[in-house]
1. Taking the condition in contact with a Cys (Cβ under 6 Å, 6 or more places away or on another chain) and either under 20 Å from Ala117 (Cα atoms) or of a type outside the set (Gly, Ala, Ser) (or both), does Thr71 pass?
2. From Thr91, Thr42, Thr59, which residue is modelled with pLDDT of 95 or more, more than 23 Å from Ser154 (Cβ to Cβ), loosely packed, with under 14 Cβ neighbours inside 10 Å and of a type in the set (Ser, Thr, Tyr)?
3. Let me confirm something: among Leu81, Leu118, Leu146, Leu74, which residue is closer than 22 Å to His8 by Cα and touching a Gly at 6+ places or on another chain (Cβ under 7 Å)?
4. Name the pairs: first residue in the stretch 135-160 and free of Cβ contacts under 8 Å to residues at least 24 places away in the same chain, second residue part of a strand (DSSP E or B) and loosely packed, with under 10 Cβ neighbours inside 10 Å, Cβ to Cβ under 8 Å, at least 6 apart or on different chains?
5. Residues Val135, Val99, Val144, Val56: which one is under 11 Å from the mean Cα position of the chain (by Cα) and β-branched (Val, Ile, Thr)?
6. Could you list, ordered by first residue, the pairs with Cβ atoms under 9 Å in which the first is in the stretch 49-66 and free of Cβ contacts under 8 Å to residues at least 24 places away in the same chain and more than 15 Å from Gln136 (Cα to Cα) and the second is surrounded by 17 or more Cβ atoms within 10 Å (Cβ to Cβ) and of a type in the set (Ser, Thr, Tyr), at least 6 apart or interchain?
7. Please enumerate the residues belonging to the stretch 34-60 that are touching a helix residue (DSSP H, G or I) at 6+ places or on another chain (Cβ under 7 Å) and under 13 Å from Ala124 (Cβ atoms).
8. What residue, of Ala30, Ala34, Ala68, is of a type in the set (Gly, Ala, Ser), touching a Gly at 6+ places or on another chain (Cβ under 8 Å) and either at pLDDT 95 or above or assigned to a helix (DSSP H, G or I) (or both)?
Amino acid sequence: MSRSELSHLDAEGKARMVDVTGKPDTDRLARVKAEVQLSARTMRLLLDKAIPKGDVLATARLAGIMAAKRTPELIPLCHPLPLRHVDLRFTLDEEHSKVLIEAEARATAPTGVEMEALIAAMVAAATIYDMCKAVQKDIRITDVRLVYKSGGKSGVFTGQ
């Protein structure tokens with residue numbers, strides 16, 4: 001791939017923000033999943049709402065939403081988007097001591113919302129880590145991945 005084919009580099013190879021001026025606004029949706037692996041003891045405390053720092057999932061939900069809204073401040077060259085919706089859902093897999101996270105972002109814009117959904121999921125996972133680290137140090141955040149996106153020229157993507 002030559003430099004001229006790389007959308008985030010100018011003719012001299014310098015980083016640049018992609019010009020989306022001519023692209024039409026379309027409805028955009030992205031979903032990202034992530035997993036937080038806890039010990040059985042920490043999972044029990046989470047289920048019993050006994051984590052010393054407070055309501056872990058409520059805090060993680062708010063942190064993820066706030067992070068999605070600040071994505072262009074965190075990711076260089078990322079366009080600020082008029083987010084219409086950000087949501088985080090948590091499923092507690094007690095048998096495997098995992099918190100399964102699904103983050104969703106929506107916008108009507110000329111470019112996608114994948115980065116906003118990714119940042120939402122990752123910050124929610126980091127917040128779960130922060131809330132639980134007093135009782136467990138070896139928490140693992142794993143399997144962060146885009147599972148669905150729609151809108152724009154590239155259409156629909158479905159992953160796992």
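1. Yes; evaluated as a whole, the condition is true for this residue.
2. None of the others qualify; the one that does is Thr91.
3. Exactly one of Leu81, Leu118, Leu146, Leu74 is closer than 22 Å to His8 by Cα and touching a Gly at 6+ places or on another chain (Cβ under 7 Å), namely Leu146.
4. none
5. Just a single option satisfies the conditions, and that option is Val144.
6. Final answer for the pair search is Leu62/Thr127.
7. Ala34, Val36, Val56, Thr59, Ala60
8. Ala30
The values are calculated or read from the model by the stated rules, or taken from the named source; none is laboratory data. Being a predicted model, the structure only gives us computed values, none of them experimental. So basically every Cβ, Gly included, is an ideal-geometry build from the backbone, and we count neighbours across all protein chains shown.
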